[in-house]
Amino acid sequence: MKALVTGGAGFIGSHLVERLLNEGYEVICVDNFTLGTQERVDKFINNSNYKFYKIDINNTEDFCNQLKDEKIDIIYHLAANSDIQKGGKNPMVDYNDTFMTTFSVLELMRRNNIKNLFFSSTSAIYGDEKGLLMTEDLGGLKPISYYGGAKFASESFISSYSYMNDFNTMIFRFPNVIGPSLTHGVIFDFKKKLEKNPNELEILGDGTQTKPYIYVLDLIDVIMMMTKEIPKGIEIYNIGVETATSVTTIADIVCEELGYQNVKYKYTGGNVGWKGDVPKFQFDLTKIHNKGWHSSYTSDEAVRETVRHIK
């Protein structure tokens, strides 16, 4: 089996590339190093089953032309802007890096008769539906960030392309992913702030923002489990953990694991960290649980393990 991994030099992508290689796949990795790193490419470069292309995926014609001769069995499309705050300052970031990368992947599939797709979507497509249990068939979705909007638009294009071209598509909607080789996010923000001032830690919002954090290796396990054979049409799954972690709890864990004591927390106020942030949400995980998968780490455990890796 030959797999193409877009964003394969990124955080989640590099873990997926490693698992695919370990299971005997030929792997083509595509990245432009906006968020991915050369180090993650170098890790596999001597593997005869690994090939790397440095491409701007949002350049559809260049992307399709460079890969037109590759006989690809499945595409794992992970390339996207994963920094919601960055995208919030400039909507072109998510238009180019989140939506247009998806369009390019779909065109590659259409032009080269590639039938199997895995798409990494997000909890952000649900928007801020306070108190509502997020099920996969929830209608009237209203994403509130450019990132969520670009992922929602991507899902819509995937739906139409899948119908028009008989694609077999697996879509995962998941929350914050953390773990070994994480490079940005609230844990890193706290670490950097504490290095500058070990006595005081600024926390965006009021600290009560509470979200599920999934450990990256748990995510890779369920991706591999559910893409061994993708059924015809489109399947959508919420992927996550049953528990959630507040921003203040993350601060407590970071301070404890990194050895900072008597730190004064300074809250900026309000129930969101930035415009477009969803302070709380609850996934319905019944569908994936019925397939026999459960996360091995709770949300708090995933946070603690991640801090231990970066310290």
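Nothing in this text is a laboratory measurement; each read-out follows from the coordinates by a stated rule. Not measured: the values here are computed from a predicted model. Here the Cβ positions follow ideal geometry from the backbone for every residue, glycine too, while neighbour counts run over all protein chains shown.
Of note:
- For the range 72-184, lysine pairs with C-alpha atoms less than 21 angstrom apart, excluding pairs fewer than eight positions apart on the same chain, total 8.
- Listed by chain and number, the aspartates and glutamates placed with their C-alpha closer than 19 angstrom to that of LYS51 are GLU18, GLU23, GLU26, ASP31, GLU39, ASP42, ASP62, ASP69, GLU70, ASP73; residues fewer than eight positions away on the same chain are left out.
- Stretching ASN46 away from ASP284 to a fully extended chain increases their span by 81.5 nm, per 0.36 nm per residue minus the current alpha-carbon distance.
- Checking [x] 20.0; [y] 21.2; [z] 19.3 against the coordinates, the calculated Kirkwood radius over Cα pairs in Å falls under label [x].
- The angle separating the long axis of helix 11-22 from the principal Cα axis of greatest extent in the chain is about 50 degrees.
- Cut-off 15 Å between beta-carbons: net charge of the residues surrounding LEU141, Lys and Arg +1, Asp and Glu -1: -2
- A cut-off under 11 angstrom between Cβ atoms defines the neighbours of ASP73, and their net charge, with Lys, Arg +1 and Asp, Glu -1, is +1.
- Counted by Cβ distance under 14 Å from SER299, the other residues give a net charge of -3, where Lys and Arg count +1 and Asp and Glu count -1.
- Note on TYR297, TYR267: ascending count of other Cβ atoms within 10 Å places them as TYR267, TYR297, the fewest first.
- Rounded to the nearest 10 degrees, the inclination of helix 146-165 to the longest alpha-carbon principal axis of the chain is 20 degrees.
- Separation between Cα centres of the range 242-268 and the range 74-89, rounded to whole Å: 26
- Note on the chain: antiparallel DSSP beta bridges, both residues inside, total approximately 5 percent of the bridges counted.
- The long axis of helix 101-112 is offset from the longest Cα principal axis of the chain by roughly 20 degrees.
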